[in-house]
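Data block below; observations after.
The values are calculated or read from the model by the stated rules, or taken from the named source; none is laboratory data. Being a predicted model, the structure only gives us computed values, none of them experimental. Here the Cβ positions follow ideal geometry from the backbone for every residue, glycine too, while neighbour counts run over all protein chains shown. Heavy atoms of the whole protein, side chains included, go into the accessibility calculation; ligands, DNA and RNA do not. Shrake-Rupley method; radii C 1.70, N 1.55, O 1.52, S 1.80 Å.
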Amino acid sequence: MTEVPSPQLRISDQERESALHALGEHMSAGRIDIDEFGERSARITAAKTRGEVGELFTDLPAPHPVFGAGAAPQPAAAPPMPVPQPAASGEVAARQPEWSAGQRAVAALVPLVWIAAIALIATGTAGWPVIFAPIALTAVGRALWGKGFEHHDHHHHDRHRERREEFRAMRDEHRRQRRLDR
């Protein structure tokens, strides 16, 4: 891989998108599997500098992320992956109740507080009682959502599982087609 220009510079959203697109190309080519794609894309999303992103491509040939003013995502070689659409708009409204600003805030904070608590415990920065913070926040969230939270949560996991299975099927079909083209 060529040297990353100015590895200490912070990356922009366009550069991050360029890196994610390049990573998707490597998965489509079969160089990395879906699990590794997930791990690397999470690291790209969390990266702050060009150097952090560049490290994720040292073992991969081109394409690499584009840094600088020309960091627009490259056009896709294959058609975009279809996104499953709900059957009817009324169905969506029934499945996803309107949440207040407080509910949305708690929904965003719960996973972050869990991650922070686990990280603090794992690094020894805080003792085990810190686990009560995410438990308390989760209890507040449950009080805000009630039974609707349980229904929505299961639906979300089912939809995520379905999309992952669709993606894997499309990837496998793409690989079969590439083998036939050879």
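Quick one: count up the residues across region 1-41 that are among the acidic types (Asp, Glu) and either open to solvent by less than 20 Å² (accessible area, probe 1.4 Å) or touching an Asp or Glu at 6+ places or on another chain (Cβ under 9 Å) (or both).
Number of matching residues: 1.
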Which of the residues that make up region 1-42 are within 18 Å of Asp59 (Cα to Cα) and among the hydrophobic types (A, V, I, L, M, F, W, C)?
Met1, Val4, Ala19, Leu20, Ala22, Leu23, Met27, Ala29, Ile32, Ile34, Phe37, Ala42
Among the residues of region 7-42, which ones are out of contact with any helix residue (DSSP H, G or I) (no Cβ under 6 Å at 6 or more places or on another chain), outside any helix (DSSP H, G or I) and farther than 21 Å from Arg163 by Cβ?
Gln8, Arg10, Ser12, Ala29, Arg31
Can you find even one residue in region 125-143 that is open to solvent by 50 Å² or more (accessible area, probe 1.4 Å), modelled with pLDDT of 70 or more and among the polar types (S, T, N, Q)?
yes
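Residue-by-condition table, conditions (1) surrounded by fewer than 17 Cβ atoms within 10 Å (Cβ to Cβ); (2) modelled with pLDDT of 65 or more; (3) assigned to a helix (DSSP H, G or I):
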residue	(1), (2), (3)
Ile44	no, yes, yes
Phe57	no, yes, no
Pro61	yes, yes, no
Val66	no, yes, no
Gly70	yes, no, no
Pro73	no, no, no
Ala77	yes, no, no
Pro80	yes, no, no
Val83	yes, no, no
